[in-house]
Amino acid sequence: MGMKERLAAKIPAWRERVNRLKRDYGPFKVGEVTVEQIFGGIRGVQISVSDISYVDPNEGVRLRGYTIPETLSLLPKVPGSVYPMMGGLYFLLMVDEMPTMEDALEVEAEWKARGEVPGHVFDLIHAMPLSTHPMTLFSQAVMALQSQSVFAAEYSNGLAKKDYWEYYLEDSLNMTAKLPAIGAYIYNYKYQNGMYIPPNPDLDWSANFAHMIGKGDNKEYQDLCRLFFVLHSDHEGANVSAHTSHLVASALSDIYLASAAGLNGLAGPLHGLANQECIRWLLNTYNHFGRLPTRDELAQYVQDILASGLVVPGYGHAVLRVTDPRFTAQLEFAERFMPDDELLQLVKLGTEVIPGILLATGKAKNPYPNVDAINGTLQYHYGVTQFDFYTVLFGISRLVGLTTHAVWSRIFGKPIERPKSLTTKMLEEMVEGLPPMGNGSGAKG
Ligand SMILES: CC(C)(COP(=O)(O)OP(=O)(O)OC[C@H]1O[C@@H](n2cnc3c(N)ncnc32)[C@H](O)[C@@H]1OP(=O)(O)O)[C@@H](O)C(=O)NCCC(=O)NCCS
């Protein structure tokens, strides 16, 4: 039985769970919204439900209930490797069940069958100036695939609401199948003189990306891709890219339109683009000393950065209150395969020195490293030195999560989103006559 049939078998029970909540507890109040939150990025307001993943502040992300170490250990591995197949991860996220080897291989086979990228997508990339940011090219390529949307075609022919999910799934499989080839094409176009390497049918989805950028002989980089793509696949349902793609799909825009919208959010410096800032900071720090600094030298350097009003990239998180387990998983990889790398030494020194300094400021709620504190170091080590491409790697992985959210939103028949906005005058009238209450727990300014 394939992924679609296994998913279909689960739908009635899931629909009943959600229907019971809506039917029997519709008026139940989940939370309240404060003035501070309205002006503060609706931070922490519980506005959506995601069973695909959940970020526990003290534990990090759980994918379908599994922690990062559990996910890495339980997913079926590529034969000869200790790192998982992304096909297995897609099955886990989509079906809500840990896949067998057969399940994982089946998704990988589906991807291979659907992987050919239409020529017009490559033509579009070529039509853009070489200086275009790779995230722009990536988003455009995904948009260009929209002409193939099965959902869009079927919808215009008349489609029952209960069946929407099937066509979202079809589009999701068709699109995700092509992501490694599109990513590799952009990388080669921008940085490798337009070199073209066709996919290798013997390789899994993740390793094929490595192969298509010319790292077909590098087993370690293939493993890094397997690890990286699993780790970045999802991080709850309400971060910028997840929320954006969800919002767009709520208008029944198809997977391609919703995914491109999500990528455009990911391309922002406060979201996915942060990883290029982190590697830049590490390299600048290393180059400042011309060698690995001592503990004291690094401590002083970080103090100076804070004193000048800058943040320390790679540290802190809006939700997490511990070291990001995705950081730890990549650190373990690095310790295993590249223990002598100088930048890795700097990353490790940072984890010993920086948290104490950030804690002492009494400001940062989380002084520990996040995933971006190490992402770039690993890519850099294996020769992917073009920082601006790192967000594309992130995006290739994240679309696996975002498409799963979209399919499940259609399974639940979620309606178009339309929250309400107020005017400043309305808020002023609401607080009229009340004594001042202060600026809440963390409002800026
Ligand atoms: C990730 C980040 C944006 C989260 O922001 P947040 O939720 O507002 O974090 P906090 O609530 O802990 O911030 C409270 C204060 O501590 C400061 N702070 C948090 N992390 C910091 C860091 N790494 N370096 C210096 N100061 C930091 C904030 O700037 C804020 O200061 P302010 O009140 O003067 O504005 C923030 O930690 C940060 O800027 N980190 C560095 C950039 C980074 O690593 N980005 C990638 C994230 S995956």
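The values are calculated or read from the model by the stated rules, or taken from the named source; none is laboratory data. Keep in mind that this is a model prediction, so the values were computed, not measured. Glycine gets a Cβ as well: all are built from the backbone with ideal geometry, and neighbour counts include every protein chain shown. Ligands, DNA and RNA are excluded from the accessible area calculation, which covers all protein heavy atoms including side chains. Shrake-Rupley method; radii C 1.70, N 1.55, O 1.52, S 1.80 Å.
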### Query
Stokes-Einstein D for region 1-147 at 37 °C, 0.692 mPa s, Kirkwood Rh over Cα pairs, in µm²/s?
170
#### Entry: Gained length - Arg20 relative to Asp202, 0.36 nm times residue gap less alpha-carbon distance
60.9 nm
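As an exercise, identify the trypsin sites (Lys or Arg not before Pro) in region 348-445 lying in DSSP coil whose Cβ has no more than 11 other Cβ atoms within 10 Å.
Here the trypsin sites (Lys or Arg not before Pro) that fit, given the DSSP loop and packing criteria, are Lys363, Lys420, Lys444.
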### Task
Taking only Cα atoms and a 10 Å spring cutoff, compute GNM fluctuations for the chain and point out the largest among Leu252, Leu130, Leu273.
Leu130
### Message
Give me the Å³ per residue figure for the convex hull around the C-alpha atoms of the chain.
### Response
169
### Task
Report ³J(HN,Hα) in whole Hz for each residue of region 269-284, in order, from the Karplus equation J = 6.51 cos²θ - 1.76 cosθ + 1.60 where θ = phi - 60°; Gly and Pro get x.
x, 8, 10, x, 6, 4, 5, 6, 5, 5, 5, 4, 5, 4, 5, 4
### Message
Check which residues have an amide H placed less than 5 Å from Tyr315's amide H, if you skip close sequence neighbours.
### Response
Asn370
### Per-residue ³J(HN,Hα) for region 289-301, Karplus 6.51 cos²θ - 1.76 cosθ + 1.60, θ = phi - 60°, Hz, x for Gly and Pro
8, x, 5, 6, x, 7, 3, 5, 4, 5, 4, 5, 4
## Note on the structure
Counting sequence-distant residues (5 or more places) and residues on other chains, those with an amide H built under 5 Å from that of Ser53 are Arg64, Glu236
## Note on the structure
So Glu335 and Thr136, fully extended at 0.36 nm per residue minus their Cα-Cα distance, gain in nm 68.3 nm
### Task
Please build a GNM for the chain, connecting alpha carbons under 10 Å apart, and tell me which residue among Asn200, Asn375, Asn284 fluctuates the most.
Asn284
#### Entry: Over region 347-414, volume per residue of the alpha carbon convex hull, in Å³
136
### Query
Length gain on complete extension for the stretch Ser421 to Tyr155, per 0.36 nm per residue less the alpha carbon to alpha carbon distance?
92.7 nm
### Query
Taking region 274-381 on its own, what percent of its Cα-Cα pair distances exceed 16 Å?
55
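Probe radius 1.4 Å, ligands and nucleic acids left out: which of Ile125, Ile42 has the largest accessible area, and how do the rest follow?
Of Ile125, Ile42, the descending order of accessible area is Ile42, Ile125.
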### Query
For labels at Ser81 and Gln386 in the simple 7 Å Cα→Cβ model, what's the distance in nm?
2.2
### Query
Under the Karplus relation 6.51 cos²θ - 1.76 cosθ + 1.60, θ = phi - 60°, what is the ordered set of whole-Hz ³J(HN,Hα) values for region 360-370, x standing for Gly and Pro?
5, 5, x, 9, 4, 6, 9, x, 9, x, 9
### Task
At 25 °C and 0.890 mPa s, grab the translational diffusion coefficient of region 194-244 from Stokes-Einstein with a Kirkwood Rh over Cα pairs, rounded to a whole number in µm² per second.
200
### Task
Would you calculate the separation in nanometres between label points at Asn287 and Ala8, each defined as 7 Å from the Cα along the Cα-to-beta-carbon direction?
5.7
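Among Ser50, Ser156, Ser241, what's the order by accessible area (1.4 angstrom probe), most exposed first?
Values: Ser50 30, Ser156 95, Ser241 0 Å².
Of Ser50, Ser156, Ser241, the descending order of accessible area is Ser156, Ser50, Ser241.
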